[in-house]
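The values are calculated or read from the model by the stated rules, or taken from the named source; none is laboratory data. Keep in mind the model is a prediction, meaning the values are calculated, not measured. Neighbour counts run over all protein chains shown; Cβ positions are idealised from the backbone, glycine included.
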Amino acid sequence: MKYIDEYRDETVTQRLLDEIRRAATRSWKIMEVCGGQTHSILKSGLDQLLPSEIDLVHGPGCPVCVTPLELIDKAIALASRPDVIFASYGDMLRVPGSERDLFSVRAAGGDVRIVYSPLDTLKIARDNPNKTVVFFGIGFETTAPANAMAVVQAKAQGIQNFAMLVSHVTVPPAISALMESPEVQVNGFLAAGHVCTVMGYWEYEPLVKKYRVPIVVTGFEPVDVLHGVLLCVKQLEEGRAEVENAYARSVQRDGNRPAQAIINQVFEPCDRPWRGIGVIPQSGYKFRPAYADYDAEQRFPEVQSIETKESSLCISGQVLQGLKKPNQCPAFGKECAPQTPLGATMVSSEGACAAYYRYGRYAESQTPKIQLQESEAGLGV
Amino acid sequence: MALNFASWTCPLPLRNYPTIVMGHGSGGKMMADLIEHLFAPQFSNDLLAQLGDSTVIDLRQIADGGSGAIGNQRLAFTTDSFVVSPLVFPGGDIGELAVNGTVNDLAMSGARPLFLSAGFIIEEGLPMETLGQIVASVAQACRKAGVQLVAGDTKVVNKGHGDGLYINTSGIGLIAPEVNIAANRAQPGDAVIVSGAMGDHGMAIMSVREGLDFETEIKSDTAPLNGLVGAMLAASRSIHCLRDATRGGLAAVLNELAAASKVGIEFEEKRVPVQPAVHAACEMLGLDPLYVANEGKLVAIVPEAEADSVLAAMRAHALGREAVRIGKVVAEHPSLVVARTGIGGSRVVDLPAGELLPRIC
């Protein structure tokens, strides 16, 4: 398939791996921020092909995984209402709330629908005037423009029976939080290519200066990821800390201005809790007052009182901060598996734990690299 | 005012409904009409013509199909229910699927499918024309697969209690004495073969359900595989395992076979055939073609010594032209299926957790 196969080419991959091997003289911990990258790395087996100097750490960039349990419980409460049609991206349906998931709500008679675009929900709203259609507006800067567009169009078309449960998060404050944490020892970041397609990468320029850490804008195919790793390793070896763009076929410095404009029209920054991590200041979006009518938490105020605590067994917070690998969790593959997930990182196909479970178990039993990581953990990384 | 009895007529109950109504399942005249006019003309055969509470089959009259005396053969018996939505999709409909699905289940145990039964659970309100089209399609699929439909049933359920139409089919077939195909027979060293491109059916259904338009229409691959299996068995009687890669796709089948045989399976991802349109659709939706359903493709595990001749026989058959060897059975990592990835890495290909869910971004 054109524009895909080129970026999964074995010869190019091998050449990039050779270059990385030549460039890396010391050990480096590089965090790929985005869950899509984690998925691609484990699906293609890149983690086993990289030289042992390079340790890829899986970051908090899976929108499903970082959505707080409390929001899931709110979603479940809304979806259970007979006067609500609840619409969501597919992989949110299996995320466990404190008692059940959205699939169970559907089985119990709730009207829960999978949509591919928030704009589809406007049609559902028009077709069902006697119900309120609530869309689960989650995700990073990537999904924010389409979610904002749905709200703008609902307003323009006078669609009253539409609301959104918003849990948007943004990347730069998360990178700051990770760098401020004394426990996290990440040497460089692969920034999420599609977030940067929307937002550009100027936001990262102050971060590389402040924290002296390289940030390389990186795509999602194996060749893209290796290109990002190579640029990052070269910066680290040469003692540079810059923003570099290894995903130029999609990303420009300024990003997509109209998309940013529509985000700003509908949303404003706010403090957001991240599942397993805690509240990161100014790391999310909430509705601006002009659009507050579309806020599902305003429309159904009773959900505001829902407060939930996370499972004590699940270490997804440490996984999302890159402190632990999924297979270092005592519950991994035992109490916690994709069929019976304790935390969201085991649910989403982009989640680090699910990716490890699905793609990694063979490597775990076969290659010495993971054992090395386990002994590292014993040293208190 | 004089009464005019001459022009009085009794309002006869309407019988030519454009849609199914509850009366069609009442056991009365309407149901008899439906069976006589819509079902019976499609399925005329001597056995069905018995019209008894059960169909009686004289074993001595079953042609032996070259497999010798009936007493030496084994009976294969299976059942499957079909609830696909939409009822008609690119490349087929629920009727064709219901016949092929059961025919294929029989064929995967090496049986020669002979007889089917069909139960139709019809939701009130289903257009008569749709039902007619699907029943005709059941009949045509039976002819194509060379099986006879010898028993049937219809029920009508209230509007809202079904999804238009559900079909259950059961099937009976005979297995030749020397054929021994089972999920637990895979041996280290065996070759793993697939009969063609993966993921067509699932993506055809999904593209209609989600209203996705692609330049090339993706069509379901629904097909009866008994002919292909017959050709394979003619080439080698020592095929170890056969599975049609339906729900859960290739990944589920390989996992089931590895677990049942307590062996590992390794395959090259690059060798698995996937149509470009299916590949593109999967990329768009964030799905993996290895997990997407097929309705006319099989996976065969064959002793290495017989692999080439089985492969040649498959490629000579219309439904196996793209057959290809994708990997082998190994003694290492029992119950695990490992793919060599396109860039030379490796990964575990696990059972799908549940429903295939499109990824958010």
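Filter the stretch A:1-35 down to the residues that are over 23 Å from the mean Cα position of the chain (by Cα) and in contact (Cβ under 8 Å) with a residue 60 or more places away in the chain and list them by number. Full working, then the answer.
Keep residues of the stretch A:1-35 that are over 23 Å from the mean Cα position of the chain (by Cα), which gives A:1-3, A:5-6, A:9-27.
The answer is A:Glu6, A:Asp9, A:Val12, A:Thr13, A:Leu16, A:Leu17, A:Glu19, A:Ile20, A:Ala23, A:Ala24, A:Thr25, A:Arg26.
Sort out which residues of the stretch A:108-126 are assigned to a helix (DSSP H, G or I) and either touching a Leu at 6+ places or on another chain (Cβ under 6 Å) or within 12 Å of chain B (Cβ to nearest Cβ) (or both), and write them in order of number.
Hits for the stretch A:108-126 are A:Pro118, A:Asp120, A:Lys123.
Is at least one residue of the stretch A:214-229 over 30 Å from A:Val151 (Cβ atoms), over 21 Å from the mean Cα position of the chain (by Cα) and of a type in the set (A, V, I, L, M)?
no
Would you confirm, using the coordinates I've provided, whether A:Cys353 is at pLDDT 75 or above and touching a Phe, Trp or Tyr at 6+ places or on another chain (Cβ under 7 Å)?
Yes, satisfied.
Evaluate the following for B:Arg347: is it touching a residue at least 60 places away in the same chain (Cβ under 8 Å) and either within 11 Å of chain A (Cβ to nearest Cβ) or farther than 22 Å from A:Phe220 by Cα (or both)?
No.
Among the residues in the stretch A:85-106, are any farther than 15 Å from A:Val347 by Cβ, within 14 Å of chain B (Cβ to nearest Cβ) and surrounded by fewer than 19 Cβ atoms within 10 Å (Cβ to Cβ)?
Within the stretch A:85-106 (the criterion being farther than 15 Å from A:Val347 by Cβ, within 14 Å of chain B (Cβ to nearest Cβ) and surrounded by fewer than 19 Cβ atoms within 10 Å (Cβ to Cβ)), the answer is yes, since at least one residue qualifies.
Of all residues being in contact with a Leu (Cβ under 7 Å, 6 or more places away or on another chain) and of a type outside the set (A, V, I, L, M) in the stretch A:312-321, which is modelled with the highest pLDDT? Just the residue, please.
Ranking the qualifying residues of the stretch A:312-321, first place goes to A:Cys314.
Which condition number in (1) β-branched (Val, Ile, Thr); (2) outside any helix (DSSP H, G or I); (3) within 25 Å of B:Gln140 (Cβ to Cβ) is the one that B:Val208 fails?
Every condition holds for B:Val208 apart from (2).
Collect the residues in the stretch A:295-330 that are under 27 Å from A:Cys34 (Cβ atoms), assigned to a helix (DSSP H, G or I) and of a type in the set (A, V, I, L, M, F, W, C), keeping them in residue-number order.
Of everything in the stretch A:295-330, those that are under 27 Å from A:Cys34 (Cβ atoms), assigned to a helix (DSSP H, G or I) and of a type in the set (A, V, I, L, M, F, W, C) turn out to be A:Ala296, A:Val319, A:Leu320.
Regarding the stretch A:291-298, can at least one residue be identified that is modelled with pLDDT of 95 or more and over 21 Å from A:Phe162 (Cα atoms)?
Among the residues of the stretch A:291-298, not one is modelled with pLDDT of 95 or more and over 21 Å from A:Phe162 (Cα atoms), which makes the answer no.
Residue check: is A:Thr38 outside any loop (DSSP other than H, G, I, E, B), in contact (Cβ under 8 Å) with a residue 40 or more places away in the chain and either touching a His at 6+ places or on another chain (Cβ under 6 Å) or closer than 27 Å to A:Glu238 by Cα (or both)?
Here the answer is yes, as A:Thr38 does meet what is asked.
Looking at A:Pro60 and the list (1) surrounded by fewer than 24 Cβ atoms within 10 Å (Cβ to Cβ); (2) away from every other protein chain (no Cβ under 14 Å); (3) not in a helix (DSSP H, G or I), which single condition is not satisfied?
All conditions pass for A:Pro60, except number (1).
Given the criteria among the basic types (Lys, Arg), more than 22 Å from A:Tyr204 (Cβ to Cβ) and buried (at least 20 other Cβ atoms within 10 Å of the Cβ), does A:Arg288 qualify?
Considered against the rule, which asks whether it is among the basic types (Lys, Arg), more than 22 Å from A:Tyr204 (Cβ to Cβ) and buried (at least 20 other Cβ atoms within 10 Å of the Cβ), A:Arg288 comes out as no.
More than 23 Å from the chain's Cα centre (by Cα), assigned by TED's automatic domain parsing to the domain that holds A:Ala174, β-branched (Val, Ile, Thr) and under 30 Å from A:Asn161 (Cα atoms), is that true of A:Ile76?
For A:Ile76, the condition - more than 23 Å from the chain's Cα centre (by Cα), assigned by TED's automatic domain parsing to the domain that holds A:Ala174, β-branched (Val, Ile, Thr) and under 30 Å from A:Asn161 (Cα atoms) - is not met.
I'm trying to understand the selection: among the residues of the stretch B:324-338, which are touching a Gly at 6+ places or on another chain (Cβ under 6 Å) and modelled with pLDDT of 95 or more?
B:Val330, the sole residue that qualifies.
Output the residues belonging to the stretch B:339-361 that are surrounded by 22 or more Cβ atoms within 10 Å (Cβ to Cβ) and either small (Gly, Ala, Ser) or at pLDDT 95 or above (or both).
Result: B:Ala339, B:Gly345.
One line per residue, one yes/no per condition, for (1) closer than 19 Å to A:Val186 by Cβ; (2) modelled with pLDDT of 90 or more:
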residue	(1), (2)
A:Thr11	no, yes
A:Leu17	no, yes
A:Ala23	yes, yes
A:Arg26	yes, yes
A:Glu32	yes, yes
A:Gln37	yes, yes
A:Gln48	no, no
A:Ile54	yes, yes
A:His58	yes, no
